[in-house]
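Data block below; observations after.
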Amino acid sequence: MLGAAFVPMVATGVAGGYGTYSNIKAAYGEGTAVGAVAAGEGATAVLALLLLGLTMLGQSSPLAIRAGLWALPVAASVMAAMAATSDGERVIYALTPMGMTAAAEGAAFLARRIVVHRDGRDAEAERRAAAVVQALAYHRARSTHHPHAKVRKRSDLKSWRLARKVGTGDHALGDRLLDVQR
């Protein structure tokens, strides 16, 4: 089942890379097209493999990897759009590199769900929860100890907004709270 799910994702990524190659080759030549695909889809594939590996190890992914999965294909989309000669081509050329991002995100999402199912813990959710709790602690401390009243007020308001996010999506916490309630 896992292999059957990954095959279309990989095929989508390969098709996106080939489409970008053929579009850029027609406008700028073969050498530029190879470089464009390597910089856009190739680098995205490397980041996708890093994301997939980290996910399978049960670790959260650094922000740089997540941002790169979108920034590199967006740059390739802009470059491809610049190579187009008509509005119709511009739309098609700009969408083509996004196939690799869809494939990478899909593979990472599926791998994350498998790891969560197998291990019972979600490293991404834990990372987000830890960031919310850390920010909440900072703003609570700042709202009570900062020398300026306006800063204290802003931090107090921010801490209330952060408090709404504590525990969101944390199934283990939900289970523990249900146990306490019972």
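The values are calculated or read from the model by the stated rules, or taken from the named source; none is laboratory data. From a predicted model like this one, the values you see are computed outputs, not experimental measurements. We place every Cβ from the backbone using ideal geometry, glycine too, and count neighbours over all the protein chains shown. Quick note on the areas: whole protein, heavy atoms, side chains included, nothing else; ligands and nucleic acids left out. Shrake-Rupley method; radii C 1.70, N 1.55, O 1.52, S 1.80 Å.
If Leu49 meets every condition in (1) under 19 Å from Ala108 (Cα atoms); (2) surrounded by 17 or more Cβ atoms within 10 Å (Cβ to Cβ); (3) among the hydrophobic types (A, V, I, L, M, F, W, C) apart from one, which number is that one?
(2)
Cβ-Cβ distance below 7 Å, separation of 6 or more or different chains: which pairs start in the range 74-90 with a residue that is touching a residue at least 12 places away in the same chain (Cβ under 8 Å) and end on one that is of a type in the set (A, V, I, L, M) and open to solvent by less than 20 Å² (accessible area, probe 1.4 Å)?
Ala76/Ala36; Met79/Ala36; Ala80/Ile24; Ala83/Ile24
Can you confirm whether Val7 is out of contact with any strand residue (DSSP E or B) (no Cβ under 7 Å at 6 or more places or on another chain), part of a helix (DSSP H, G or I), surrounded by fewer than 14 Cβ atoms within 10 Å (Cβ to Cβ) and of a type outside the set (Ser, Thr, Tyr)?
On the way: out of contact with any strand residue (DSSP E or B) (no Cβ under 7 Å at 6 or more places or on another chain): yes; part of a helix (DSSP H, G or I): yes; surrounded by fewer than 14 Cβ atoms within 10 Å (Cβ to Cβ): yes; of a type outside the set (Ser, Thr, Tyr): yes.
Criteria met by Val7.
Quick check on my filter: what residues within the range 151-172 are modelled with pLDDT of 90 or more and open to solvent by 50 Å² or more (accessible area, probe 1.4 Å)? Outline the logic, then answer.
The first filter runs over the range 151-172 and keeps only residues modelled with pLDDT of 90 or more, leaving 151-161.
Selection gives Arg152, Lys153, Arg154, Asp156, Leu157, Lys158, Trp160, Arg161.
Quickly run through the range 117-151 and pick out the residues that are touching a Leu at 6+ places or on another chain (Cβ under 9 Å) and among the polar types (S, T, N, Q).
Listed by number, the list holds a single entry, Ser143.
Could you check how many residues of the range 86-107 are surrounded by fewer than 23 Cβ atoms within 10 Å (Cβ to Cβ) and not small (Gly, Ala, Ser)?
Qualifying residue count for the region: 8.
Among the residues of the range 108-115, is there at least one that is over 30 Å from Val74 (Cβ atoms), open to solvent by 100 Å² or more (accessible area, probe 1.4 Å) and of a type in the set (Phe, Trp, Tyr)?
No; the residues of the range 108-115 include none that is over 30 Å from Val74 (Cβ atoms), open to solvent by 100 Å² or more (accessible area, probe 1.4 Å) and of a type in the set (Phe, Trp, Tyr).
For residues that are farther than 26 Å from Pro8 by Cα and either surrounded by 12 or more Cβ atoms within 10 Å (Cβ to Cβ) or acidic (Asp, Glu) (or both), tally how many sit in the range 124-150. Quick ask: steps written out before the conclusion?
Pass one, the range 124-150, residues farther than 26 Å from Pro8 by Cα: 125-150.
From what's left, either surrounded by 12 or more Cβ atoms within 10 Å (Cβ to Cβ) or acidic (Asp, Glu) (or both): 125-129, 131-133, 135-143, 146.
Of the residues in the range 124-150, 18 are farther than 26 Å from Pro8 by Cα and either surrounded by 12 or more Cβ atoms within 10 Å (Cβ to Cβ) or acidic (Asp, Glu) (or both).
Does the range 27-34 contain at least one residue that is open to solvent by 40 Å² or more (accessible area, probe 1.4 Å), closer than 29 Å to Arg121 by Cβ and not β-branched (Val, Ile, Thr)? Break it down stepwise before answering.
Quick first cut of the range 27-34, residues open to solvent by 40 Å² or more (accessible area, probe 1.4 Å) only: 27-28, 30-32, 34.
Pick out the ones that are also closer than 29 Å to Arg121 by Cβ and you get none.
Within the range 27-34, none of the residues are open to solvent by 40 Å² or more (accessible area, probe 1.4 Å), closer than 29 Å to Arg121 by Cβ and not β-branched (Val, Ile, Thr).
Could you figure out which of (1) among the polar types (S, T, N, Q); (2) open to solvent by less than 30 Å² (accessible area, probe 1.4 Å); (3) under 20 Å from the mean Cα position of the chain (by Cα) isn't true of Gln59?
The single condition Gln59 does not satisfy is (2).
Which numbered condition in (1) crowded, with 18+ Cβ neighbours inside 10 Å; (2) under 13 Å from the mean Cα position of the chain (by Cα) is the only one that Ala71 fails?
It is condition (1) that Ala71 fails.
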